[in-house]
1. Residue 60: in contact with a strand residue (DSSP E or B) (Cβ under 7 Å, 6 or more places away or on another chain) and at pLDDT 95 or above, yes or no?
2. What's the number of the condition residue 95 fails, among (1) free of Cβ contacts under 8 Å to residues at least 40 places away in the same chain; (2) in contact with a helix residue (DSSP H, G or I) (Cβ under 9 Å, 6 or more places away or on another chain); (3) over 18 Å from residue 124 (Cα atoms)?
3. Would the range 62-72 turn up any residue that is more than 30 Å from residue 116 (Cα to Cα) and surrounded by fewer than 18 Cβ atoms within 10 Å (Cβ to Cβ)?
4. Among (1) at pLDDT below 95; (2) under 23 Å from residue 102 (Cβ atoms), there is one condition residue 69 misses while meeting the rest; what is its number?
5. Could you count how many residues in the range 82-92 are over 13 Å from residue 14 (Cβ atoms) and either in contact (Cβ under 8 Å) with a residue 12 or more places away in the chain or assigned to a strand (DSSP E or B) (or both)?
6. Output the number of residues of the range 105-125 satisfying the condition of being in contact with a strand residue (DSSP E or B) (Cβ under 8 Å, 6 or more places away or on another chain), surrounded by fewer than 19 Cβ atoms within 10 Å (Cβ to Cβ) and under 17 Å from residue 78 (Cβ atoms).
7. If residue 20 satisfies all but one of (1) surrounded by 10 or more Cβ atoms within 10 Å (Cβ to Cβ); (2) assigned to a loop (DSSP other than H, G, I, E, B), what's the number of the condition it fails?
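The values are calculated or read from the model by the stated rules, or taken from the named source; none is laboratory data. Only a predicted model underlies this, so the values are computations on that prediction, with no experimental measurement involved. Because the Cβ atoms are built from the backbone with ideal geometry, glycine has one as well, and the counts that use them run over all protein chains shown.
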């Protein structure tokens, strides 16, 4: 498979108009990929091979990142980027070997906001939800 990404060993952030904004307190990164290769066959079931087809090609991948303690300046910048539908690149880069996950030409699909208000550490999270068609991984030897 290649490298296994561990968040404790990664730098995570976005690049907006050539300026990098690192997120020093990231809880997780979840990527939802709607692309599927499926099998189908006729109802009469005359073979056990089926027909392969691809679905989900017109839907973007969704990248969800809860970020803790986001500065007001970066928060305001991301809210404005959401309102303007600003394109940006996101990244998760391993400090150990340089392997990376990245999403290019992404937009924020929801306005950045604090979704939990209580006395737990999770209540400091601001959810950043991106959509992109260009999500990739680069593994290093």
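1. Working: in contact with a strand residue (DSSP E or B) (Cβ under 7 Å, 6 or more places away or on another chain): yes; at pLDDT 95 or above: yes.
Yes.
2. Unmet for residue 95, out of (1) free of Cβ contacts under 8 Å to residues at least 40 places away in the same chain; (2) in contact with a helix residue (DSSP H, G or I) (Cβ under 9 Å, 6 or more places away or on another chain); (3) over 18 Å from residue 124 (Cα atoms): (1).
3. Step one: of the range 62-72, the residues more than 30 Å from residue 116 (Cα to Cα) are none.
Within the range 62-72, none of the residues are more than 30 Å from residue 116 (Cα to Cα) and surrounded by fewer than 18 Cβ atoms within 10 Å (Cβ to Cβ).
4. Against the list (1) at pLDDT below 95; (2) under 23 Å from residue 102 (Cβ atoms), residue 69 comes up short only on (2).
5. Our first condition is that a residue be over 13 Å from residue 14 (Cβ atoms); within the range 82-92, this holds for 83-85.
Filter once more, so that each one left must be either in contact (Cβ under 8 Å) with a residue 12 or more places away in the chain or assigned to a strand (DSSP E or B) (or both): 83, 85.
Residues that pass the stated criteria total 2.
6. The initial filter retains those residues of the range 105-125 that are in contact with a strand residue (DSSP E or B) (Cβ under 8 Å, 6 or more places away or on another chain), namely 105-110, 112-116, 121-122, 124-125.
Pick out the ones that are also surrounded by fewer than 19 Cβ atoms within 10 Å (Cβ to Cβ) and you get 105, 107, 109-110, 113-116, 121-122, 124.
If we keep only those that are under 17 Å from residue 78 (Cβ atoms) as well, we get 105, 107, 109-110, 113-115, 124.
Looking only at that region, the number is 8.
7. (2)
Let's see how each residue does on (1) more than 18 Å from residue 63 (Cβ to Cβ); (2) without any contact (Cβ under 8 Å) to a residue 40 or more places away in the chain; (3) more than 16 Å from the chain's Cα centre (by Cα):
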site: 79; (1), (2), (3): no, yes, yes
site: 108; (1), (2), (3): no, yes, no
site: 114; (1), (2), (3): yes, yes, yes
site: 135; (1), (2), (3): no, no, no
